[in-house]
Amino acid sequence: MLRKSIFLILIQFILCPIFWFVAHAQTEICKMNGSKIDVSEITNLSPKVCDAPVRSFNLDIFQLAVCTSDPTEFLKGNSTEDPCFYFWDHNKGDNSISVGVTKSSETSFPSSLPPTGVYTHGFGTISSTIGINAEFEFDEQKIIGGNSEGTAWHSAPFLNAPQSFIQGGDRNVTMKDFTDGNYTKFTETFTESQASLNEFTFTYNSLSVSTFLNTLERGFAAPHNGNYGRSLLINNDYDLASSYNDATKIIIIEDYASPKVVTDQTNSILFKYSPDYTARLNFVANGDNWIVPGIFFGNPQFDIEFE
(Lines give C-alpha, C1' and ligand atoms only; values in the text may rest on other atoms or scores of the structure.)
Protein backbone atom coordinates (compact mmCIF):
# COMPACT_ATOMS: atom_id res chain seq x y z
CA MET A 1 0.00 0.00 0.00
CA LEU A 2 1.38 3.39 -1.00
CA ARG A 3 1.60 6.28 1.40
CA LYS A 4 1.45 9.92 0.43
CA SER A 5 4.65 11.77 1.10
CA ILE A 6 6.50 14.91 0.09
CA PHE A 7 9.18 14.07 -2.40
CA LEU A 8 12.15 16.40 -2.23
CA ILE A 9 14.73 17.44 -4.77
CA LEU A 10 17.51 18.67 -2.53
CA ILE A 11 20.42 20.55 -4.00
CA GLN A 12 23.68 20.12 -2.15
CA PHE A 13 27.34 19.29 -2.57
CA ILE A 14 27.98 15.86 -4.09
CA LEU A 15 31.38 14.41 -4.81
CA CYS A 16 31.06 12.72 -8.19
CA PRO A 17 29.70 13.66 -11.64
CA ILE A 18 27.57 11.55 -13.92
CA PHE A 19 29.96 11.31 -16.82
CA TRP A 20 33.22 12.85 -17.95
CA PHE A 21 34.32 14.40 -21.22
CA VAL A 22 37.98 13.48 -20.87
CA ALA A 23 39.75 10.17 -20.48
CA HIS A 24 40.64 10.40 -16.81
CA ALA A 25 38.30 9.50 -13.95
CA GLN A 26 38.64 12.58 -11.78
CA THR A 27 39.81 16.19 -11.99
CA GLU A 28 40.68 18.73 -9.36
CA ILE A 29 38.71 21.74 -8.26
CA CYS A 30 40.53 24.84 -9.55
CA LYS A 31 42.71 26.22 -6.78
CA MET A 32 41.47 29.64 -5.71
CA ASN A 33 43.21 32.79 -4.52
CA GLY A 34 40.31 34.34 -2.64
CA SER A 35 37.44 34.49 -5.12
CA LYS A 36 39.69 34.16 -8.19
CA ILE A 37 41.27 31.13 -9.87
CA ASP A 38 44.96 30.90 -8.94
CA VAL A 39 46.98 31.03 -12.17
CA SER A 40 50.17 29.87 -10.42
CA GLU A 41 48.50 26.53 -9.60
CA ILE A 42 47.76 25.64 -13.23
CA THR A 43 51.32 24.38 -13.70
CA ASN A 44 50.74 21.82 -10.95
CA LEU A 45 47.71 20.28 -12.66
CA SER A 46 48.16 16.89 -14.30
CA PRO A 47 46.47 16.82 -16.74
CA LYS A 48 46.01 20.57 -17.20
CA VAL A 49 42.31 20.47 -16.33
CA CYS A 50 40.33 21.76 -13.36
CA ASP A 51 36.69 22.44 -12.44
CA ALA A 52 35.86 26.13 -12.07
CA PRO A 53 33.25 27.54 -9.65
CA VAL A 54 29.68 27.69 -10.96
CA ARG A 55 27.05 29.88 -9.35
CA SER A 56 24.04 27.94 -10.59
CA PHE A 57 22.59 25.87 -13.40
CA ASN A 58 19.06 25.13 -14.56
CA LEU A 59 17.51 21.70 -14.95
CA ASP A 60 14.28 20.58 -16.58
CA ILE A 61 13.36 17.22 -15.02
CA PHE A 62 11.04 14.79 -16.81
CA GLN A 63 11.29 11.50 -14.91
CA LEU A 64 12.37 10.34 -11.47
CA ALA A 65 12.25 6.63 -10.64
CA VAL A 66 13.64 3.75 -8.60
CA CYS A 67 13.82 0.20 -9.92
CA THR A 68 13.97 -3.36 -8.61
CA SER A 69 16.38 -4.35 -11.38
CA ASP A 70 18.44 -2.70 -14.12
CA PRO A 71 16.07 -0.61 -16.32
CA THR A 72 18.60 0.02 -19.10
CA GLU A 73 17.24 -2.44 -21.67
CA PHE A 74 13.68 -1.25 -21.08
CA LEU A 75 14.72 2.38 -21.45
CA LYS A 76 16.57 1.51 -24.65
CA GLY A 77 13.42 -0.10 -26.02
CA ASN A 78 14.87 -3.63 -26.02
CA SER A 79 12.54 -5.01 -23.32
CA THR A 80 8.85 -4.63 -22.51
CA GLU A 81 9.36 -5.24 -18.79
CA ASP A 82 9.53 -2.01 -16.81
CA PRO A 83 11.02 -2.71 -13.35
CA CYS A 84 10.61 0.85 -12.06
CA PHE A 85 8.39 2.85 -9.76
CA TYR A 86 7.92 6.44 -10.99
CA PHE A 87 7.68 9.40 -8.66
CA TRP A 88 7.27 11.66 -11.68
CA ASP A 89 6.79 10.75 -15.33
CA HIS A 90 6.42 13.33 -18.08
CA ASN A 91 6.02 10.45 -20.54
CA LYS A 92 2.71 9.59 -18.77
CA GLY A 93 1.35 13.12 -18.60
CA ASP A 94 3.15 14.84 -15.71
CA ASN A 95 4.49 18.30 -16.40
CA SER A 96 8.25 18.81 -16.42
CA ILE A 97 9.84 20.26 -13.28
CA SER A 98 12.18 23.23 -13.70
CA VAL A 99 14.79 23.79 -11.01
CA GLY A 100 17.41 26.51 -10.65
CA VAL A 101 20.21 24.64 -8.90
CA THR A 102 22.45 26.18 -6.26
CA LYS A 103 24.08 24.61 -3.22
CA SER A 104 21.13 25.58 -1.01
CA SER A 105 18.09 25.48 -3.29
CA GLU A 106 15.41 22.83 -3.00
CA THR A 107 11.93 22.09 -4.24
CA SER A 108 9.27 19.54 -3.40
CA PHE A 109 6.08 18.08 -4.79
CA PRO A 110 3.48 15.57 -3.57
CA SER A 111 4.17 11.99 -4.55
CA SER A 112 3.86 8.46 -3.18
CA LEU A 113 6.47 6.23 -1.66
CA PRO A 114 7.25 3.05 -3.61
CA PRO A 115 6.06 -0.31 -2.29
CA THR A 116 8.18 -1.89 0.41
CA GLY A 117 11.01 -3.87 -1.12
CA VAL A 118 14.58 -3.72 -2.39
CA TYR A 119 15.58 -1.25 -5.13
CA THR A 120 18.82 -1.84 -6.97
CA HIS A 121 18.74 1.05 -9.46
CA GLY A 122 17.40 4.56 -9.90
CA PHE A 123 17.30 7.08 -12.70
CA GLY A 124 16.41 10.65 -13.59
CA THR A 125 15.60 12.10 -17.01
CA ILE A 126 16.54 15.72 -17.66
CA SER A 127 16.66 18.06 -20.64
CA SER A 128 19.73 17.69 -22.85
CA THR A 129 20.16 21.48 -22.69
CA ILE A 130 21.35 22.89 -19.38
CA GLY A 131 21.58 26.58 -18.55
CA ILE A 132 24.71 27.55 -16.62
CA ASN A 133 25.49 30.78 -14.80
CA ALA A 134 29.27 30.82 -14.38
CA GLU A 135 32.01 33.22 -13.43
CA PHE A 136 35.61 32.80 -14.54
CA GLU A 137 38.09 35.26 -13.11
CA PHE A 138 41.82 34.60 -12.69
CA ASP A 139 44.20 36.36 -10.33
CA GLU A 140 46.69 37.23 -13.10
CA GLN A 141 46.42 38.47 -16.69
CA LYS A 142 47.77 35.30 -18.26
CA ILE A 143 44.68 33.75 -19.85
CA ILE A 144 43.88 33.65 -23.59
CA GLY A 145 40.48 32.55 -24.92
CA GLY A 146 38.32 33.03 -28.00
CA ASN A 147 37.12 36.41 -29.25
CA SER A 148 33.62 37.68 -28.55
CA GLU A 149 32.39 36.54 -31.98
CA GLY A 150 33.58 33.00 -31.32
CA THR A 151 35.46 32.98 -34.63
CA ALA A 152 39.15 33.20 -33.61
CA TRP A 153 41.46 33.30 -30.64
CA HIS A 154 41.70 36.60 -28.81
CA SER A 155 44.51 38.77 -30.27
CA ALA A 156 45.22 36.16 -32.98
CA PRO A 157 47.53 35.42 -34.68
CA PHE A 158 50.06 36.48 -32.04
CA LEU A 159 48.19 35.53 -28.83
CA ASN A 160 50.04 38.30 -27.04
CA ALA A 161 47.30 40.03 -25.05
CA PRO A 162 46.26 37.74 -22.19
CA GLN A 163 43.46 38.77 -19.85
CA SER A 164 42.22 37.70 -16.43
CA PHE A 165 38.58 37.10 -17.38
CA ILE A 166 36.85 34.43 -19.43
CA GLN A 167 33.09 34.67 -19.67
CA GLY A 168 30.19 33.54 -21.83
CA GLY A 169 28.24 35.63 -24.27
CA ASP A 170 24.69 34.30 -23.96
CA ARG A 171 25.35 31.52 -26.42
CA ASN A 172 24.51 27.85 -26.77
CA VAL A 173 27.33 25.35 -26.98
CA THR A 174 26.88 21.70 -27.92
CA MET A 175 28.86 18.49 -27.81
CA LYS A 176 28.87 18.58 -31.61
CA ASP A 177 31.00 21.73 -31.40
CA PHE A 178 33.79 19.54 -30.07
CA THR A 179 33.39 17.16 -33.01
CA ASP A 180 33.49 20.12 -35.42
CA GLY A 181 36.47 21.71 -33.67
CA ASN A 182 34.58 24.91 -32.82
CA TYR A 183 36.64 25.53 -29.69
CA THR A 184 36.67 29.32 -30.00
CA LYS A 185 32.88 29.34 -30.05
CA PHE A 186 32.66 28.90 -26.30
CA THR A 187 35.53 30.83 -24.75
CA GLU A 188 35.63 34.60 -24.65
CA THR A 189 37.94 37.11 -23.01
CA PHE A 190 36.67 40.16 -21.19
CA THR A 191 38.71 42.86 -19.50
CA GLU A 192 35.86 44.51 -17.61
CA SER A 193 34.60 43.48 -14.19
CA GLN A 194 32.08 40.65 -14.22
CA ALA A 195 29.53 42.24 -11.92
CA SER A 196 26.67 40.74 -13.92
CA LEU A 197 27.07 37.30 -15.43
CA ASN A 198 25.97 36.10 -18.82
CA GLU A 199 24.25 32.78 -19.30
CA PHE A 200 25.70 29.84 -21.18
CA THR A 201 23.60 26.92 -22.26
CA PHE A 202 25.19 23.58 -22.95
CA THR A 203 23.46 20.90 -25.03
CA TYR A 204 24.35 17.22 -24.73
CA ASN A 205 23.49 16.24 -28.31
CA SER A 206 26.08 13.47 -28.00
CA LEU A 207 27.92 11.69 -25.20
CA SER A 208 31.21 11.77 -27.11
CA VAL A 209 33.38 14.67 -28.24
CA SER A 210 34.48 12.88 -31.42
CA THR A 211 31.34 11.28 -32.89
CA PHE A 212 27.64 10.88 -32.18
CA LEU A 213 27.11 8.56 -29.20
CA ASN A 214 23.80 7.91 -27.42
CA THR A 215 24.97 5.55 -24.63
CA LEU A 216 27.88 6.01 -22.25
CA GLU A 217 28.95 3.69 -19.43
CA ARG A 218 30.64 5.21 -16.41
CA GLY A 219 33.69 3.02 -16.11
CA PHE A 220 34.52 3.84 -12.52
CA ALA A 221 32.71 3.76 -9.20
CA ALA A 222 31.56 7.10 -7.81
CA PRO A 223 33.91 7.94 -4.91
CA HIS A 224 31.15 9.08 -2.54
CA ASN A 225 28.84 6.06 -2.86
CA GLY A 226 30.52 3.38 -4.97
CA ASN A 227 27.78 3.46 -7.62
CA TYR A 228 28.33 2.66 -11.27
CA GLY A 229 25.90 3.80 -13.96
CA ARG A 230 25.35 5.02 -17.48
CA SER A 231 23.76 7.82 -19.47
CA LEU A 232 21.38 7.55 -22.42
CA LEU A 233 20.39 10.22 -24.93
CA ILE A 234 16.75 10.04 -26.00
CA ASN A 235 14.37 12.02 -28.20
CA ASN A 236 10.96 13.58 -27.53
CA ASP A 237 9.30 10.18 -27.99
CA TYR A 238 11.52 8.65 -25.26
CA ASP A 239 13.32 6.49 -27.81
CA LEU A 240 17.11 6.35 -28.08
CA ALA A 241 18.29 9.37 -30.07
CA SER A 242 19.62 8.50 -33.52
CA SER A 243 21.48 11.73 -34.35
CA TYR A 244 22.70 15.04 -32.95
CA ASN A 245 19.45 16.75 -33.96
CA ASP A 246 17.31 13.99 -32.44
CA ALA A 247 18.70 14.24 -28.88
CA THR A 248 16.49 16.23 -26.49
CA LYS A 249 16.81 14.47 -23.10
CA ILE A 250 19.38 12.59 -21.01
CA ILE A 251 18.60 9.60 -18.79
CA ILE A 252 21.07 9.18 -15.92
CA ILE A 253 20.97 5.65 -14.46
CA GLU A 254 22.57 4.76 -11.12
CA ASP A 255 23.51 1.15 -10.23
CA TYR A 256 23.44 1.18 -6.44
CA ALA A 257 26.49 -0.35 -4.77
CA SER A 258 24.22 -0.97 -1.78
CA PRO A 259 20.57 -1.68 -2.72
CA LYS A 260 17.98 0.68 -1.20
CA VAL A 261 15.44 -0.92 1.09
CA VAL A 262 12.01 0.66 1.49
CA THR A 263 10.22 -0.31 4.71
CA ASP A 264 7.16 0.97 6.51
CA GLN A 265 9.57 3.31 8.34
CA THR A 266 10.72 5.07 5.15
CA ASN A 267 9.15 8.53 4.97
CA SER A 268 11.09 10.51 2.34
CA ILE A 269 13.30 10.07 -0.70
CA LEU A 270 15.80 12.69 -1.86
CA PHE A 271 17.09 13.17 -5.38
CA LYS A 272 20.17 15.41 -5.32
CA TYR A 273 21.96 17.49 -7.91
CA SER A 274 24.97 19.74 -7.48
CA PRO A 275 26.27 22.89 -9.24
CA ASP A 276 29.87 21.83 -8.66
CA TYR A 277 31.99 20.24 -11.41
CA THR A 278 29.80 21.74 -14.15
CA ALA A 279 32.38 24.00 -15.83
CA ARG A 280 35.64 22.26 -16.65
CA LEU A 281 38.56 24.32 -17.92
CA ASN A 282 41.45 22.83 -19.86
CA PHE A 283 44.70 24.69 -20.43
CA VAL A 284 47.50 24.69 -23.01
CA ALA A 285 50.77 26.50 -22.28
CA ASN A 286 51.69 29.48 -24.48
CA GLY A 287 54.98 30.71 -23.14
CA ASP A 288 54.29 32.12 -19.69
CA ASN A 289 50.57 32.34 -20.47
CA TRP A 290 47.75 29.80 -20.74
CA ILE A 291 45.36 29.24 -23.66
CA VAL A 292 41.91 27.94 -22.69
CA PRO A 293 40.93 25.93 -25.81
CA GLY A 294 37.51 25.08 -24.41
CA ILE A 295 35.26 25.04 -21.40
CA PHE A 296 33.43 21.75 -20.88
CA PHE A 297 30.01 22.83 -19.67
CA GLY A 298 27.24 20.72 -18.24
CA ASN A 299 27.91 17.59 -16.15
CA PRO A 300 25.16 17.82 -13.51
CA GLN A 301 25.55 15.34 -10.67
CA PHE A 302 22.86 12.96 -9.53
CA ASP A 303 22.31 11.02 -6.32
CA ILE A 304 19.40 9.54 -4.37
CA GLU A 305 18.86 8.82 -0.68
CA PHE A 306 16.06 6.99 1.13
CA GLU A 307 15.27 8.32 4.60
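Kindly establish whether Lys36 is of a type in the set (Lys, Arg), closer than 16 Å to Ile252 by Cβ and out of contact with any helix residue (DSSP H, G or I) (no Cβ under 8 Å at 6 or more places or on another chain). Break it down into steps so the answer makes sense when it comes.
On the way: of a type in the set (Lys, Arg): yes; closer than 16 Å to Ile252 by Cβ: no; out of contact with any helix residue (DSSP H, G or I) (no Cβ under 8 Å at 6 or more places or on another chain): yes.
No; evaluated as a whole, the condition is false for this residue.
Taking the conditions exactly as written (in a strand (DSSP E or B) and among the hydroxyl-bearing types (Ser, Thr, Tyr)), does Ser111 satisfy them or not? Working first, answer last.
Working: in a strand (DSSP E or B): yes; among the hydroxyl-bearing types (Ser, Thr, Tyr): yes.
Answer is yes for this residue.
Could you grab me the full set of residues in the stretch 106-143 that are surrounded by 15 or more Cβ atoms within 10 Å (Cβ to Cβ), more than 25 Å from the chain's Cα centre (by Cα) and modelled with pLDDT under 80?
Ser111
Looking at the stretch 141-154, can you tell me whether even one residue there is β-branched (Val, Ile, Thr) and free of Cβ contacts under 8 Å to residues at least 12 places away in the same chain?
Taking the stretch 141-154 and keeping what is β-branched (Val, Ile, Thr), we get 143-144, 151.
Okay, now just the ones that are also free of Cβ contacts under 8 Å to residues at least 12 places away in the same chain, so none.
Scanning the stretch 141-154, I find no residue that is β-branched (Val, Ile, Thr) and free of Cβ contacts under 8 Å to residues at least 12 places away in the same chain, so the answer is no.
The values are calculated or read from the model by the stated rules, or taken from the named source; none is laboratory data. Worth saying up front: this structure is predicted, and the values here are computed from it rather than measured. Note: ideal-geometry Cβ built from the backbone for every residue, glycine included; neighbour counts use all protein chains shown.
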